[in-house]
Amino acid sequence: ISMHRSLRNRVLPFFNQNSRKLNSNKAFTLAEVLITLVIIGIIAALTIPTLVNNYQKTQYVTQLKKAYSEVTQALKLMANDYGCPGDLKCTGLFAPGTSSQSFGDAFVKYFKVVKNCKEDTTQVCFSQDVNDYYDGSGLYVNDQNTNYRFITEDGTAFSIYNYSDNCDSHCGFMNIDVNGLKKPNYRGRDIFFFYITNDKGPSITPYGDWEQDGSCNSSFTFGLSCGSRILGEDWQMNY
């Protein structure tokens, strides 16, 4: 028994000592923890803005695609209801003597509208300041003054102008702000310009050809043909 006690007294301290070493090896020093946190912070600072930006782009494109589909469908239904399947000119809504007001009153019936400013300049249904996409330095339109304006149930804002020229090809135009009065209110970001067209049936066509006019890339800030680029690149905002 005495020999067993002696052996135990010699062996246990050895295991206890090594156990403490193993436990101490599992712990991190304060410096190591701080360095890890700094690295995580740097990675987050570099990646989170990109992730947020990409998410916003996806939201803008999704809403634009929805608005594009709804507008096209509304124009076709309107032509049918006027007894003019596939022909906006036949409706008479774009004939000389008509106005943005008269067309807008007919067009707005095909949407769930939460606010209709029409041409009333005392009401706000569309951003008064529309900036270019890349640096925000240019103000190009003030749709608050003259166009027919309304906001739909999903928050999309429309500003419409009637050319009143018989609608042989381009019947008018519309600006679509996919998030309404919310910022950034940049053309090519959340605001897009479309012609109302009739040459291939009732539809809307984005302004320009971005590959030809270069108005939707980092070297030219106007952004007017960004709708053309989004549609041309299969509903992607690759800029």
Original post:
Using r as the Cβ-Cβ distance of Thr62 and Lys115, and R0 as 25 Å, what FRET efficiency do you calculate, to the nearest 0.05?
Top reply: 0.65
Subject >> Amide proton proximity set for Thr197, modelled H, under 5 Å, gap of 5+ >> reply: Cys171, Ser203, Ile204, Thr205
**OP:** Could you order peptides 173-182, 200-209, 75-84, 113-122 by the average number of other Cβ atoms within 10 Å of their residues, highest first?
**Re:** 173-182, 200-209, 75-84, 113-122
Original post:
Going out from 0 in 10 Å bins, what whole percent of all Cα-Cα distances in the range 64-211 drops into each bin?
Top reply: 12, 44, 35, 9, 0
**OP:** For Val114, list long-range residues whose amide hydrogen, built 1.01 Å from N in the peptide plane, is under 5 Å from its own amide hydrogen.
**Re:** Ile151, Thr152, Glu153
Original post:
Going by average Cβ neighbours within 10 Å, how do the peptides 43-50, 93-100 rank, with the highest at the top?
Top reply: 93-100, 43-50
Original post:
In sequence order, what are the phi-derived ³J(HN,Hα) couplings for the range 224-239 according to the Karplus relation 6.51 cos²θ - 1.76 cosθ + 1.60 with θ = phi - 60°, rounded to whole Hz, with x for glycine and proline?
Top reply: 5, 9, 5, x, 4, 5, 4, 5, x, 10, 6, 6, 10, 9, 8, 8
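No value in this document is a laboratory result; all are computed from the given coordinates. All of these numbers come straight from a predicted model, not from anything done at the bench. All Cβ positions, glycine included, derive from the backbone under ideal geometry; neighbour counts span all protein chains shown.
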